[in-house]
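Report on one structure; see the data block that follows.
The values are calculated or read from the model by the stated rules, or taken from the named source; none is laboratory data. Because the structure is a prediction, the values reported are computed rather than measured. A quick note on method: Cβ atoms are made from the backbone with ideal geometry, for glycine too, and the neighbour counts reach across all protein chains shown. Heads up: the accessible areas ignore ligands, DNA and RNA and are worked out on the full protein's heavy atoms, side chains in. Shrake-Rupley method; radii C 1.70, N 1.55, O 1.52, S 1.80 Å.
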2 protein chains.
Amino acid sequence: MHVYQNIKKSAQISTAFWDVMSQAGLLDIVVDGLGPGQHRTRAGGHEFVNMSSYSYLGLDAHPALVRAAAETVLSVGALNTSTARSRVRFSVLEDAEAALSDLFNVEAVTVASAAAAAWCALPLLASGLFTDNQPPLMVFDKNAHFCLNAMKAAVGDETEVVTIAHNDIDALESLCKQHPLVAYVADGVYSTGGQAPVTELLRLQDQYGLFLFFDEAHGTSTLGANGRGLVLEEMGEINDRTLIITSLNKGFGASGGAVFLGRKGRSKERRDFALRNGGPLMWSQRINTAGLGAILASAELHRTDELTTLQRRLRENEDLFDSLVDTAQRHDGLPIRFIKIGSEDQTVRMAQDLFANGFYASPIFFPIIGRGNAGLRLMLRANMTTAEIEEFCSLLKTLQDKHA
Amino acid sequence: MHVYQNIKKSAQISTAFWDVMSQAGLLDIVVDGLGPGQHRTRAGGHEFVNMSSYSYLGLDAHPALVRAAAETVLSVGALNTSTARSRVRFSVLEDAEAALSDLFNVEAVTVASAAAAAWCALPLLASGLFTDNQPPLMVFDKNAHFCLNAMKAAVGDETEVVTIAHNDIDALESLCKQHPLVAYVADGVYSTGGQAPVTELLRLQDQYGLFLFFDEAHGTSTLGANGRGLVLEEMGEINDRTLIITSLNKGFGASGGAVFLGRKGRSKERRDFALRNGGPLMWSQRINTAGLGAILASAELHRTDELTTLQRRLRENEDLFDSLVDTAQRHDGLPIRFIKIGSEDQTVRMAQDLFANGFYASPIFFPIIGRGNAGLRLMLRANMTTAEIEEFCSLLKTLQDKHA
């Protein structure tokens, strides 16, 4: 018991964080949308810019996606087929998966969220079904996303589980030397900043046959040709010793999540294994037709110059931000920045002042990160204006001086 | 290892079922919608009635719900807020949860599917957070839905897990006598037919303080005043030793799933525990705004005479069906019927002939049920016409004679 988690204990540890946040008015903000990353609170009509939105390209409010979502519901005339997808499914689901598979040159299946994709794919990988019936040693990066960690108990019922320090290539290589088959579970881009050392991991794959499992929820759309993400951009194309899960919400701007099972048109066996044994893929809800319509529209946009333009604008906004504020993530080519403040009290007061002045910036502190390392997590977007970034950075400096 | 599951083994066991179904053309049917439970195949334009749709009241194609889904996406202007719901959420999410809470007099939170609701609620219950920090002995009904079973490993990392025979009240009572705190995990209405013995379970709750956890995916909307489902109808109202999860797709006709945490307005602590520690509730996607719009429209419909009329029509269709075909579920007040055929070959050939004649009926056989017990699972709907039911039942008899 408590080999993988201890919910009661972690609930006790995190209570203070939530209570402080709640008392500070930084939780449960109920809003209406005002377009590109801008919101108005229902109570009070306070308008603000969201500086911690993971819609990195601003696609969540893109008119073409929103319109496609609405039109698809109307043209299909239902949100779902009301039967398991393995039996009867709508054309639009078939089309959305084909569009994703074509776009990224992968065998894509879709589920209701990236977490559902983890639930589908991780136990299957652990069982050995994707590795000639040999269950791999499953090695998790310590900082892998919560939805991956939450699957450790199910994974541990199929094979051995080890957790190593963040990006610890030496530890991973040592395990590769000791075990005939190792699978490594990591994020491509970490939601807390930074990325997986993909080049090094590919070397271990070449050398030891290491199987790689990536969560690309923060990499898809944001990075790479046609928005294929950090991992596929570095790999060139997916290989048969790699699985990728991702979100189709976040950067992609639609709904749901996906598993990239292998190469397009060459992964029929894996597709069958997943659809017949893959938990949420078998019995859970599909992405509704609104979400599927948005996926089709977004996949189309990902093939156009508009995607390249949005990625370039995001890079320009990162550069502008980095020219004004120094962080550990400066010029790392990713859109996530962490403003370290240190004191938890000070972090909360800064977030409150920023919010009062029209900016929501997400406070992060213990237990999400170590005590005394509190700060604000920012997510830059392609559809932030120069004026918004400049005003925010200027305000940030003023408040840092005030609260120092 | 393999305490709770053995995916490789169950994949091997079920391969034959899937291959037979696939070769028979009874899987991967890609369709466009034609309205009430009717579809047309994309390849070939074959039209058929779905006799195994879980949209028991026909709400999946209800114009008011479909329209509300489309209009809500357009009026909000986005599918999601692109920020954790605990921080910033759309008014329409707040409204949808308030509408559900009002409708069923519960404290409702929503997630992307009923499976996500299980993922959220079962480990929390197991941890003891809902029972004064005392982790209960978790007793699963053997026939509890796959998505509940799939959580056993995570639950088993928090507390002790036992599985008992289906509806075995004696075994459950015996465990209640031996253990200070027991929680029972079951379906309200079983997707394979039949229901939980709610009256007996409530007696055990009274007598021993038994905690009850129900999946009402097939009970909500279909049964009870305002569609509150089998369990709440029998209980009168939810109490603080009961958790209910449900689907908002299926009978309810919208998208996503929900957890009913306790009594409306009297479950603030549980709500905080769930939102701060409940896996998918913390970091996974919300139901998109299309689904939320449909939830609002469906909740409104559940308060009207239309709901009562639809429930009555469903009962009439059950009666009509039962007057024509005898099954073990005859007159059980539930919409699920199992036509036992026995031989797996014969079941597949019957399903093929039915499909050729315009009816999809879902074949079920080993390993879903025991060998030699194959048959067709039917789900009756309020929006089946008398002619459809009569034609299907007549065809069924002809084919049963032909294939006998």
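How about region B:155-188: which of its residues lose at least 30 Å² of accessible area in the presence of all protein chains relative to their chain isolated, using a 1.4 Å probe? For region B:155-188, once contacts with the other chains are taken into account, B:ASP157, B:GLU158 lose 30 Å² or more.
Kirkwood radius for the protein assembly as shown, taken over all pairs of different Cα atoms as the inverse mean of 1/r, rounds to 27.0 Å.
Using a probe of 1.4 angstrom, how much of the accessible area of the protein assembly as shown is carbon and sulfur, in percent? The nonpolar share, carbon plus sulfur, comes to 48 percent.
Calculate the FRET efficiency for B:GLU316 and B:ARG67 from the Cβ-Cβ distance with a Förster distance of 30 Å, rounded to the nearest 0.05. Here the calculated transfer efficiency is 0.65.
A:ILE364 contributes about 10 Å² of solvent-accessible surface, heavy atoms of the protein only, 1.4 Å probe.
In nanometres and ascending order, the distances from the A:SER75 label point to those of the other copies are 2.4 (point 7 Å from Cα along Cα→Cβ).
The trypsin sites (Lys or Arg not before Pro) of region B:124-182 meeting both criteria, a DSSP state outside H, G, I, E and B (loop) and at most 16 other C-beta atoms within 10 angstrom of the site's C-beta, are B:LYS142. Extent of region B:79-289 along its three principal axes (Cα atoms, max minus min coordinate, largest first): 48, 34, 30 Å. Of all DSSP-defined beta bridges confined to region B:130-267, some 25% are antiparallel rather than parallel.
Each other copy holds its own label point for A:ASN133; taking that point as 7 Å from Cα along Cα to Cβ, the gaps run 5.0 nm, nearest first. Using a 7 Å projection from Cα along Cα-to-Cβ, the label point at B:GLN352 is separated from the same position in the remaining copies by 7.2 nm, smallest value first.
Ordering A:VAL185, A:SER247, A:PHE90 by the projection of their Cα atoms onto the charge dipole of region A:79-289, which places +1 on the Cβ of Lys and Arg and -1 on the Cβ of Asp and Glu, puts A:PHE90 at the extreme positive end.
Counts of other chain beta carbons within 10 angstrom of each beta carbon in peptide B:23-35 average 4. Annotation: Cα Rg of chain B relative to the compact-globule expectation 2.2 N^0.38 Å equals 0.99. Dividing the Cα radius of gyration by the Kirkwood radius, what Rg/Rh value follows for region B:344-404? Rg divided by Rh gives 0.99. If R₀ is 60 angstrom, what is the calculated FRET efficiency for the pair B:HIS403 and A:TRP18, using the beta carbon separation as r and rounding to 0.05? For B:HIS403 and A:TRP18, the calculated efficiency is 0.45.
Residue pairs exceeding 27 angstrom between C-alpha atoms, taken from B:LYS340/B:LYS402; A:LYS264/B:LYS142; A:LYS152/A:LYS250; A:LYS264/B:LYS8; A:LYS250/A:LYS402: A:LYS264/B:LYS142; A:LYS250/A:LYS402. The protection proxy used here, the mean number of other Cβ atoms lying within 10 Å of each residue, ranks peptides B:378-391, A:184-197, A:319-332 as follows, highest first: A:184-197, B:378-391, A:319-332.
What FRET efficiency comes out for B:THR192 versus A:ALA171 if R0 is 56 angstrom and r is the Cβ-Cβ distance? Round to the nearest 0.05.
The calculated FRET efficiency here is 0.75.
Under 20 Å from a label point set 7 Å out along the Cα-to-Cβ vector of A:THR386, the amide N atoms of region A:295-337 belong to A:309-326, A:331.
Charge dipole (Cα centre; +1 on Lys/Arg Cβ, -1 on Asp/Glu Cβ; no other charges) of the protein assembly as shown amounts to roughly 200 debye.
Remark: the B:THR308-B:ARG371 segment gains 18.7 nm on full extension, using 0.36 nm per residue and subtracting the alpha carbon distance. Using C-alpha pairs below 8 Å separated by at least 6 residues, the relative contact order for chain B is 23 percent. Within the straight-line cut-off of under 18 Å between alpha carbons, the aspartates and glutamates reachable from B:LYS177 are B:ASP141, B:GLU160, B:ASP168, B:GLU200, B:ASP206, sequence neighbours fewer than 8 places apart in one chain being disregarded. Antiparallel beta bridges, as assigned by DSSP with both residues in chain A, represent about 55 percent of the total such bridges.
Summing both sides, the accessible surface hidden between B and A at a 1.4 Å probe radius is close to 7900 Å².
Here the 3J(HN,Hα) profile of region B:260-270, calculated from phi with Karplus coefficients 6.51, -1.76 and 1.60 at θ = phi - 60°, is 9, 7, x, 6, 4, x, 10, 10, 4, 5, 5 Hz, Gly and Pro shown as x. For the peptide B:287-295, the mean number of other protein chain Cβ atoms found within 10 angstrom of a residue's Cβ is 6.
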